[in-house]
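The values are calculated or read from the model by the stated rules, or taken from the named source; none is laboratory data. These numbers come from a predicted model, not from an experiment. Backbone-built Cβ (ideal geometry, glycine too); neighbour counts: all protein chains shown. Heavy atoms of the whole protein, side chains included, go into the accessibility calculation; ligands, DNA and RNA do not. Shrake-Rupley method; radii C 1.70, N 1.55, O 1.52, S 1.80 Å.
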Amino acid sequence: GENIMKKHVLALPVALLILAVTAFGAFANEENPTATVVITGGDLSVDTPETIPFTGLTLGGIDTTAYSNSDVNTWKVIDARGTGVGWYLTISSTEFIKDGDAERKIDIVSDDQLFMIQLLDATIEYDHGNNPPESDVPALQSIPKTGVETLTILTAAQGDGMGTYTFKPNFTLGIPAETYAGTYNATVTVTSVSGP
């Protein structure tokens with residue numbers, strides 16, 4: 001009979017200990033409420049000014065180059081999707097047409113008429129977010145014609161580029177000696193694309 005009594009005496013404190021732990025656990029949950037916030041993803045977008053301003057130039061009988069430097073071009077890309085899948089920007093352009101006269105144009109892909117872009121990583125500025133995107137055009141590269149192909153200019157790897165970033169590209173345009181005087185315009189297409 002003594003063996004049975006000992007077993008009962010040993011079992012009682014174990015049962016009380018388990019109850020005490022359970023009670024404490026329930027008490028702790030009541031004192032630490034769960035906070036819930038629903039975060040909805042926004043959009044991936046690129047914001048460019050209405051114009052890419054080139055400095056004017058005077059024809060001098062030789063091939064020359066027009067410039068639009070980074071200090072006059074402030075562009076912005078926003079990735080507010082909250083997915084971290086990455087993104088990239090592409091660019092293309094139409095020909096430059098003189099005062100609406102389709103006969104007078106700058107071709108943009110002929111060797112002496114290239115429309116080129118350069119984006120230095122030093123001009124990519126963090127506004128809000130995590131790791132900034134990186135330039136795909138650290139040296140001048142020719143901008144292709146819209147409808148033919150595109151050029152990738154800025155890339156955010158997976159997990160990067162989540163937030164808002166300002167960047168300042170440089171542009172050059174080849175002006176042949178035989179160019180007619182006037183005001184020339186082109187339509188530049190900049191597209192934001194999801195993914196690495």
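Checking the structure you have, find out if any residue of the stretch 84-102 is touching a residue at least 12 places away in the same chain (Cβ under 8 Å), open to solvent by 70 Å² or more (accessible area, probe 1.4 Å) and aliphatic (A, V, I, L, M).
No - not one qualifying residue is present in the stretch 84-102.
Identify all residues within the stretch 140-179 that are in a loop (DSSP other than H, G, I, E, B) and either crowded, with 18+ Cβ neighbours inside 10 Å or at pLDDT below 95 (or both); write none if there are none.
Within the stretch 140-179, Ile143, Thr150, Asp160, Gly161, Met162, Pro169, Thr179 meet the criteria.
Please work out if Asp71 is exposed (fewer than 15 other Cβ atoms within 10 Å of the Cβ), closer than 24 Å to Val188 by Cβ, among the charged types (D, E, K, R) and touching an Asp or Glu at 6+ places or on another chain (Cβ under 6 Å).
Details: exposed (fewer than 15 other Cβ atoms within 10 Å of the Cβ): yes; closer than 24 Å to Val188 by Cβ: yes; among the charged types (D, E, K, R): yes; touching an Asp or Glu at 6+ places or on another chain (Cβ under 6 Å): no.
So Asp71 fails the test.
Confirm whether Gly61 is surrounded by 15 or more Cβ atoms within 10 Å (Cβ to Cβ) and at pLDDT 90 or above.
no
Taking Thr51 as the residue in question, decide whether it is assigned to a loop (DSSP other than H, G, I, E, B), surrounded by 11 or more Cβ atoms within 10 Å (Cβ to Cβ) and at pLDDT 90 or above.
Numbers: assigned to a loop (DSSP other than H, G, I, E, B): yes; surrounded by 11 or more Cβ atoms within 10 Å (Cβ to Cβ): yes; at pLDDT 90 or above: yes.
Criteria met by Thr51.
Mind listing whichever residues of the stretch 113-134 are surrounded by 17 or more Cβ atoms within 10 Å (Cβ to Cβ) and farther than 16 Å from Asp79 by Cα?
Restricting attention to the stretch 113-134, the residues satisfying the condition of being surrounded by 17 or more Cβ atoms within 10 Å (Cβ to Cβ) are 113-119, 123-124, 129, 132-133.
Gln113, Leu114, Phe115, Met116, Ile117, Gln118, Leu119, Thr123, listed by residue number.
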